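To start, the structure under review is shown below, and the notes come after it.
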Amino acid sequence: MKISEIKNALDLIEENKNLRKVKDFRMLSATKAVDENNKEYTVFSSNNYLGLTHEKSVIEAGKSALAFGSSSTGSRLTSGSSFELSLLEKNLADFKGCEDALVFNTGYMTNLGVLYALADKKSVIFSDQLNHASIIDGCRISGAKVLVYRHNDMNDLERLLAGLGIPDSFQIFVVSDGVFSMDGDIVNLPALLELKAKYNFCLIIDDAHALGVIGEKGHGTAEYYGLDGKSCGIDIQIGTLSKALAAEGGYAASSKLICDYLRNKSRPFIFSTALPPSVAASANEALNLLKTNGKSLVEKLNFNTRLMRNLLEDAGLPLVKGTTPIIPIVLGETEKALLFSSECLKNGILLSAIRPPSVPEGTSRIRLTVTAAHSEKEIRDCAKIISELWRKL
């Protein structure tokens, strides 16, 4: 695109009601925020699933590590690899039941860094239709042949696997979200593992919205299906530190061989200044809380999720069916989603309207997320306001 064409492109985005603008908030707690006018909101749009961002021990861990500097000062392969980062990687590997783990600066960079390093022109990647943008972009830049299968449709995936005629010299990858970020549904892992046994592909699961959310103790997709991380059949487990773990960054957990290869070939890992010790320390403390209190945290999250879903379903709202704390209210038209979000803000509820290209045309929605930190009163008040607005609109 020519620079001279940018204004026209922006005008078209605005005409389609998809122009984004940044609005600042200050988080006062895991569930409360204020805007620039000091108006207070109850937040139901964050990915802070366990509510650990304002947990005292998580904050104190970050504060203590600030003694070692505000920045890591370099990449992991120069001066930037702190004791805190290496400890976090060790604990992530242990939690996910893998030999090793590698921390990246964001979840987005993790998917780009893994796919770009491992896949090439002699690779074929099969990607779920509703995978996160970071997976889509990682597939694009890898140079591999990319085939997209219908969402969570294992029959369609097998049709593609069986019909392609892939040479033996090619590496096959199948990559999927564990919990899908916009619909909140869960990948059919058992069916994927059956196909893996038959077609011998490398399986990559992105647990960004699954860690701390599903599985009895919050270990993610494998645990949700009763599988042990060490023998679950997932070759690479990807995730973030910025959701349930209340910090910033991403990780890839896998075999020592694959992680060593990524340390040497993954460009986002090699050429980025590392996360500071304070961020790694906070993430590690959040992970420790998940290790020790995972069952009770997940139980609280599940209770809050069921309560919110039941209240909204009883009021007749058009929810996407599911069991995770991602609760989409599909409204269809972008204007309707924007109006609904605006009215919620007026009533002190912070909810985001999700529009194309984040979701397909005609499926604009309110993406409501529940956390373990929400009180029953906050949930009931939110459901009451949303239900009343729904009846008016």
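FYI, it's all coordinate maths here, none of it is from the lab. Small disclaimer: the values here were computed from a predicted structure and weren't measured. So basically every Cβ, Gly included, is an ideal-geometry build from the backbone, and we count neighbours across all protein chains shown.
Per-structure values
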read-out	value
Total residues in region 351-391, condition closer than 19 Å to residue 331 by Cα, of a type outside the set (Ser, Thr, Tyr) and more than 24 Å from the chain's Cα centre (by Cα)	8
Residue count, region 210-260 (criterion: crowded, with 24+ Cβ neighbours inside 10 Å and farther than 28 Å from residue 278 by Cα)	3
Output for region 249-266, where each listed residue is charged (D, E, K, R) and within 19 Å of residue 82 (Cα to Cα)	260, 263
Members of region 331-344 that are surrounded by fewer than 19 Cβ atoms within 10 Å (Cβ to Cβ) and under 16 Å from residue 312 (Cβ atoms)	343
1 or more residues more than 28 Å from residue 163 (Cα to Cα): qualifying strands (runs of 3 or more DSSP E) within region 175-288	236-240, 250-254
Candidate set from region 345-393 (those that are among the polar types (S, T, N, Q) and in contact with a helix residue (DSSP H, G or I) (Cβ under 6 Å, 6 or more places away or on another chain)); member that is nearest to residue 38 (Cα to Cα)	347
Residue 120 under 30 Å from residue 82 (Cβ atoms), touching a residue at least 12 places away in the same chain (Cβ under 8 Å) and surrounded by fewer than 19 Cβ atoms within 10 Å (Cβ to Cβ)	no
Residue under evaluation residue 90, criteria (1) touching a helix residue (DSSP H, G or I) at 6+ places or on another chain (Cβ under 9 Å); (2) surrounded by fewer than 23 Cβ atoms within 10 Å (Cβ to Cβ), criterion not met	(1)
First in region 158-183 and closer than 30 Å to residue 354 by Cβ, second anywhere and of a type in the set (Lys, Arg) and surrounded by 16 or more Cβ atoms within 10 Å (Cβ to Cβ), Cβ under 9 Å, 6 or more apart	174/196; 181/367; 182/365; 182/367
Whichever residue in region 114-148 is among the charged types (D, E, K, R) and assigned to a helix (DSSP H, G or I) and, among such residues, is farthest from the chain's Cα centre (by Cα)	140
